[in-house]
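Enquirer: Sharing a structure, written as structure tokens. Questions coming.
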Amino acid sequence: MKIKILGVCGSPIKGGNTEIFLQEALKAAREIKDVETNIVLLSGKDIGDCRHCNWCITKQEEGEFCLQKDDMSEIYPLILEADGLLLASPVYFGRLSGYLANFVDRLRVFHFGNYYRSKLKDKVGGALAVAWTRNGGLETALLSMDHTFQPLGVLSVGGAAGVSSLGGTGEFAPDDKHLILRDEYGLKSARRLARRMFELVKIIKLGKEALSRESETQAGDVS
């Protein structure tokens, strides 16, 4: 059984602490047999904010998700193919980044779209957040991402948080820009979250297969 997990990094910094945090989670998932991962870096991509033009409500069709033709056009199919969606954001002013906020808003096409409505139902979602300090908005950033999943019908496995200063104190090491790698507890949480995502995806897939077989059996009994 092949399971696909897509990670989306909402940091403007390539190779930064948030991307590393996400990569550590995806690496833990890849260590499991039959798990395939992919990552989308929003840094440098052209993703406009949702205009609430409502085009998707009436004019959406196969392959045409949104009126706006920007880099979301190439990301939408990756989301559809994935069994698990892992969102990662740095904490900016107590919330998720603007990069990821635009991405989240553009998922509206899967909630209101006349063709792609409910296409994410029963996928599994998880959230990762990285802050400079403890009590720096990690919980609110995670909640923002977690609340994204409910209207889409995506089942949440929760979130994991890490800090990018020494012990989350706000102190930094001039010679080390990747202090997230020193937050062993945060890294363990991210890895555990990815493994839990795999478990829940597998449960859902096996459950649907069992229900399908049961329906076929019942249909055969009736005939």
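Enquirer: Assigned to a strand (DSSP E or B) and either of a type in the set (Phe, Trp, Tyr) or open to solvent by 60 Å² or more (accessible area, probe 1.4 Å) (or both) - does that describe any residue in segment 190-210? Walk me through it before giving the result.
Expert: Filtering segment 190-210 down to residues assigned to a strand (DSSP E or B) leaves none.
Checked segment 190-210: no residue is assigned to a strand (DSSP E or B) and either of a type in the set (Phe, Trp, Tyr) or open to solvent by 60 Å² or more (accessible area, probe 1.4 Å) (or both).
Enquirer: For Gln68, all conditions in the list (1) open to solvent by 30 Å² or more (accessible area, probe 1.4 Å); (2) more than 23 Å from Ala141 (Cβ to Cβ); (3) assigned to a loop (DSSP other than H, G, I, E, B) hold save one; what is the number of the exception?
Expert: (1)
Enquirer: How do the pairs read when you match residues in segment 111-127 that are within 20 Å of Leu67 (Cβ to Cβ) with residues anywhere that are open to solvent by 80 Å² or more (accessible area, probe 1.4 Å) and of a type in the set (Asp, Glu), using Cβ under 9 Å and keeping only pairs 6 or more apart or on different chains?
Expert: Asn114/Glu61; Tyr115/Glu61; Tyr115/Glu62; Tyr116/Glu62
Enquirer: Please go through segment 121-135 and give me each residue that is over 12 Å from the mean Cα position of the chain (by Cα) and surrounded by 22 or more Cβ atoms within 10 Å (Cβ to Cβ), ordered by number.
Expert: The answer is Val130, Ala131.
Enquirer: Can I ask one more? I need the helices (runs of 4 or more DSSP H) fully contained in segment 93-158, keeping only those with at least 2 residues that are out of contact with any helix residue (DSSP H, G or I) (no Cβ under 7 Å at 6 or more places or on another chain) and within 23 Å of Asn17 (Cα to Cα).
Expert: Details: elements: 98-105, 109-112, 138-152.
Filter on segment 93-158 gives 98-105, 138-152.
Enquirer: Still on this structure: Only one of (1) touching a strand residue (DSSP E or B) at 6+ places or on another chain (Cβ under 6 Å); (2) under 30 Å from Cys56 (Cβ atoms); (3) buried (at least 19 other Cβ atoms within 10 Å of the Cβ) fails for Thr148. Which number is that?
Expert: With (1) touching a strand residue (DSSP E or B) at 6+ places or on another chain (Cβ under 6 Å); (2) under 30 Å from Cys56 (Cβ atoms); (3) buried (at least 19 other Cβ atoms within 10 Å of the Cβ) applied to Thr148, the lone miss is (1).
Enquirer: Is it the case that Leu22 is open to solvent by less than 30 Å² (accessible area, probe 1.4 Å), of a type outside the set (Val, Ile, Thr) and assigned to a strand (DSSP E or B)?
Expert: No; evaluated as a whole, the condition is false for this residue.
Enquirer: Identify, please: which residue in segment 158-174 is open to solvent by less than 30 Å² (accessible area, probe 1.4 Å) and hydroxyl-bearing (Ser, Thr, Tyr) and is, among those, nearest to Glu24 (Cα to Cα)? First the steps, then the outcome.
Expert: Quick first cut of segment 158-174, residues open to solvent by less than 30 Å² (accessible area, probe 1.4 Å) only: 158, 160, 162-165, 168, 170, 173.
Adding the requirement that they be hydroxyl-bearing (Ser, Thr, Tyr) leaves 164-165.
Values: Ser164: 14, Ser165: 18 Å.
It comes out as Ser164.
The values are calculated or read from the model by the stated rules, or taken from the named source; none is laboratory data. Because the structure is predicted, anything quoted here is derived from the model rather than measured. Note that we place each Cβ from the backbone using ideal geometry, even for glycine, and neighbour counts take in every protein chain shown. For accessibility, only protein heavy atoms count, side chains too; no ligands or nucleic acids. Shrake-Rupley method; radii C 1.70, N 1.55, O 1.52, S 1.80 Å.
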